[in-house]
Each structure stands twice: as C-alpha cells, then as structure tokens.
1. Helix 165-174 versus the longest principal axis of the chain: what is the Cα-based angle in degrees, 0 to 90, to the nearest 10?
2. What does the charge count around ILE123 come to, taking other residues whose C-beta lies under 13 Å from its C-beta (Lys +1, Arg +1, Asp -1, Glu -1)?
3. Rank the residues VAL244, VAL48, VAL230 as a footprinting-exposure proxy: fewest other Cβ atoms within 10 Å of their Cβ go first.
4. If you place +1 on the Cβ of every Lys and Arg, -1 on the Cβ of every Asp and Glu, and leave all else neutral, what size is the dipole of segment 7-265 about its Cα centre, to the nearest 20 Debye?
5. If the chain between ALA191 and ALA225 were fully stretched, how many nm would it gain, using 0.36 nm times the residue separation less the Cα-Cα distance?
6. Taking the simple approach of a point 7 Å from Cα along Cα-to-Cβ for both ARG266 and ASP46, what is their distance in nm?
7. Hey, can you grab everything whose amide H is under 5 Å from the amide H of LEU183? Only 5+ residues off in sequence or another chain; H modelled, so Pro and N-termini drop out.
8. Please work out the Cα center distance from segment 233-269 to segment 119-137, rounded to the nearest Å.
Amino acid sequence: MMTAQIQVHGHRGARAVRPENTIPAFQYAIEQGVDVLELDMAVTKDNVVVVSHDETMNPAYCEGPAGSTRVIREMTFAELQRWDCGGKVNPQFPKQQAIPGTRVPTLDAVFALAKKAKVEFNIETKMAPAHPEWTPSPEEFARLVLAVVRKHGLDKRVILQSFDYRTLHAMKRLAPQIRRSALFPTKREEAGLDFVAVAKAGDAGIVSPIHQLVTPEKVAAARAAGLQVVAWTANTPADWEKLVAAKVDAIITDDPAALIAFLKERKLR
C-alpha cells in the first residue's frame with residue numbers, strides 16, 4: 001500500500017548525532033518523531049542477533065580488550081559486551097555526541113525499547129560473501145531474526161532489507177508476510193538496473209536504491225509495478241528536495257530530526 005506522507009527512516013538510529021546502532025541513537029530518533037528505525041544485524045558465536053553495521057568491530061569508533069578478536073561471529077555475546085562503541089566520536093560525523101560505555105545492543109533490546117513507540121523497523125541482514133564463516137547461512141540468519149520478531153509480535157511492523165538477496169528469499173519461505181526490501185547497488189554495473197528488475201531479483205515489494213540513482217521516471221515505473229521506493233542515505237536539503245520531487249515513499253537519513261524539520265517546513269508532514 002502506497003503512503004502519501006514521505007516516511008523518515010533513522011539510519012542506524014541517528015548516527016549524525018549519536019553513536020550508530022546503539023540504544024541512545026534509537027531513543028533519540030524516537031524522540032524526534034522518526035517513522036522507522038533503520039538498523040543492521042550481525043550474529044554472535046552463541047547465536048544472539050545483535051545490532052551492528054559491520055561483521056567486525058570498527059576501531060574507528062569501537063574499543064575492545066587488547067588482543068581480542070574483532071569478528072562478532074567469533075565472540076559470545078558476553079565477550080562482545082566488553083567493547084565500548086560510544087566513547088569515540090565517529091570522525092565522519094563531528095556533531096555526534098560521545099556516550100562512553102555504550103554497548104552493542106541485541107535486536108531483542110531494540111524491539112523492547114521501541115515496541116510501545118509508533119515506529120516500524122527496517123532491519124538489515126549483513127552478510128559477508130568473502131567470509132562466509134563470519135555470518136550464519138542465509139537460512140539460519142533469517143530463522144534467528146524471525147524468532148526475535150515473533151517474540152515481540154512485530155511481524156507487521158518489520159521490513160527485512162539486504163544487499164544479499166539470499167536472506168530475502170529465505171525469509172519469504174519462512175514468513176512471506178514479512179515485508180522485504182532489496183538494497184542496491186553493491187557493484188557499479190548494478191547502477192544501470194531499473195528498479196523493477198531489482199525488486200524481482202530480490203523477490204521484494206520494496207526497492208531501496210542509493211539516493212543518487214533516484215529519478216521521477218524510475219519511481220513512477222516502480223509505483224506502476226506496485227512497488228515502494230526507499231532511498232538511502234540522503235543527508236542534505238538539496239538531496240531531500242530531489243527525492244521529494246521524485247515522490248519516493250521514504251528517505252533513509254543519518255539526521256532524522258533535520259529531515260523531519262525540512263518536511264514540516266514544506267508542509268509535507
């Protein structure tokens with residue numbers, strides 16, 4: 001079902017101003033009135049689904065015990081909790097507020113935090129084709145995620161997104177009612193694909209292109225095919241203007257508060 005209002009997805013919560021993919025980031029995004037929390041998932045050695053963009057801990061903004069592995073799949077959840085992912089400001093986002101002692105949260109904890117809020121969840125399975133040992137199989141990953149979704153009764157409020165469409169196909173087999181979003185591109189040659197072809201490849205009802213690929217014509221073709229278009233990750237008013245003009249369904253942004261203010265100024269929210 002198409003929506004008249006452009007939805008705002010808080011990318012990794014709100015990483016422009018809070019440590020990414022953390023409880024403080026998600027709490028901030030909720031307080032600002034975000035429609036959807038966008039986040040990434042990895043899986044620990046003991047099969048706990050956690051919220052992290054990378055399969056390995058990023059030393060740019062996470063610090064752990066000396067000599068410990070950085071691969072999340074090689075750590076138990078208890079071992080992962082020894083890492084501080086809030087004490088260092090991400091150098092790409094100088095406005096970000098450091099929150100020392102911030103840990104990698106579980107998907108379960110994020111759902112529990114936001115369950116009473118009027119938000120949806122756009123959750124991404126992070127796969128590493130070059131290192132299959134760093135993640136569960138696509139089928140196992142989908143199964144583990146679905147168990148957490150169903151624990152909280154959030155089937156209707158979750159979108160599963162991925163660049164690796166194997167997890168989308170796996171989720172369709174397990175729970176076809178879960179909405180699926182095909183992210184792209186990962187390769188230069190994929191930039192030339194039309195949105196409908198991408199959605200078919202991912203067997204998805206939502207296509208999520210990098211925002212520079214969005215045009216009014218491509219969005220119109222997607223809409224005619226019954227698809228939704230969710231653009232990622234746009235952070236400037238100039239980019240937002242283009243996406244509004246193209247009539248996308250949603251915008252993923254690192255600064256949801258700024259985007260919400262932008263839309264309100266134009267009476268689009």
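1. Roughly 90 degrees between the two axes.
2. -1
3. Fewest-to-most Cβ neighbours within 10 Å comes out as VAL244, VAL48, VAL230.
4. Working: 32 positive and 31 negative charges, 117 e Å.
Dipole size: approximately 560 debye.
5. Extra length available between ALA191 and ALA225 comes to 10.3 nm.
6. 4.8
7. Under 5 Å from the amide H of LEU183 lie the amide H atoms of SER162, PHE163, SER208, each far enough along the sequence or on another chain.
8. 27
Any read-out appearing in this document is the output of simple, stated calculations on the displayed coordinates, not a laboratory observation. Owing to the predicted nature of the structure, the values given are computational and were not obtained by experimental measurement. We place every Cβ from the backbone using ideal geometry, glycine too, and count neighbours over all the protein chains shown.
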